[in-house]
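Shown next, in structure tokens, is the structure this report addresses.
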Amino acid sequence: MLSSMKHLRLLALPLALGLAACAGDPVDPAPAGLFFPTKPYGDGSVATALSDGKLAVRDECVLVSGPGAGEYSLPIWWDDFTAERDDAGRLVVRDGDRAAVAIEGQPFAMGGGYVAEFQPEGLVEPREMQVRRIEEGLGHSIPDRCLGADVYGIWDVGETSPL
């Protein structure tokens, strides 16, 4: 009995050290000062609409430009996605496998769907109510600078493909 207790203690120490190492501060998904919202994986269900555009950085916010001039969406990425600058200074979004899925200024496609749409005003829920609901789900606020008048809505990112 005593020797089995000794073995359990020997096994418990590496386990405790491993868990302590994993409990550190999470890695920032994007360069300092850049707003790159992420969400945890849910139950696996995602919207399947397709959106294409170009990755854009404006006012330190990661956006996707739409088909119309001056039309943007604020994407919310999965929590294992990251954003980093490449050697040319362009922002590159990478998925959980570290594959590039979007590069600043380059066209790309992503699945998902709008979780907030701000147009046409008067026919949709007021912007403030939609934003507040999204912020509650994210657990943090969305900077006003990321929700200018030319932001059509907030896109919940679904499937992406490596470039």
Residues in segment 135-157 that are buried (at least 19 other Cβ atoms within 10 Å of the Cβ) and charged (D, E, K, R): how many? 1
Across segment 124-163, what is the total count of residues that are over 20 Å from THR82 (Cα atoms) and part of a loop (DSSP other than H, G, I, E, B)? 7
Out of (1) at pLDDT 95 or above; (2) crowded, with 17+ Cβ neighbours inside 10 Å, the odd one out for TRP78 is which? (1)
Considering segment 83-97 alone, what residues qualify as being surrounded by 11 or more Cβ atoms within 10 Å (Cβ to Cβ) and either in contact with an Asp or Glu (Cβ under 8 Å, 6 or more places away or on another chain) or over 18 Å from TRP155 (Cβ atoms) (or both)? GLU84, ARG85, ASP86, ARG90, LEU91, VAL92, ARG94, ASP95, GLY96
Among ARG132, ARG145, the single one that is modelled with pLDDT of 95 or more, under 18 Å from the mean Cα position of the chain (by Cα) and closer than 20 Å to PRO40 by Cα is ARG132
Segment 143-157 residues that are hydroxyl-bearing (Ser, Thr, Tyr), paired with ones that are assigned to a strand (DSSP E or B) (beta carbon under 9 Å, 6 or more apart): TYR152/TYR72; TYR152/SER73; TYR152/TYR114; TYR152/GLU117
Taking the condition of being part of a strand (DSSP E or B), in contact (Cβ under 8 Å) with a residue 40 or more places away in the chain and of a type outside the set (Gly, Ala, Ser), how many residues in segment 94-119 meet it? 8
Condition (residue is within 16 Å of the chain's Cα centre (by Cα), more than 17 Å from VAL151 (Cβ to Cβ) and assigned to a strand (DSSP E or B)) applied to segment 48-63: is it met by at least one residue? no
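The values are calculated or read from the model by the stated rules, or taken from the named source; none is laboratory data. Note that the structure is a prediction, hence the values are computed from the model and not measured. Backbone-built Cβ (ideal geometry, glycine too); neighbour counts: all protein chains shown.
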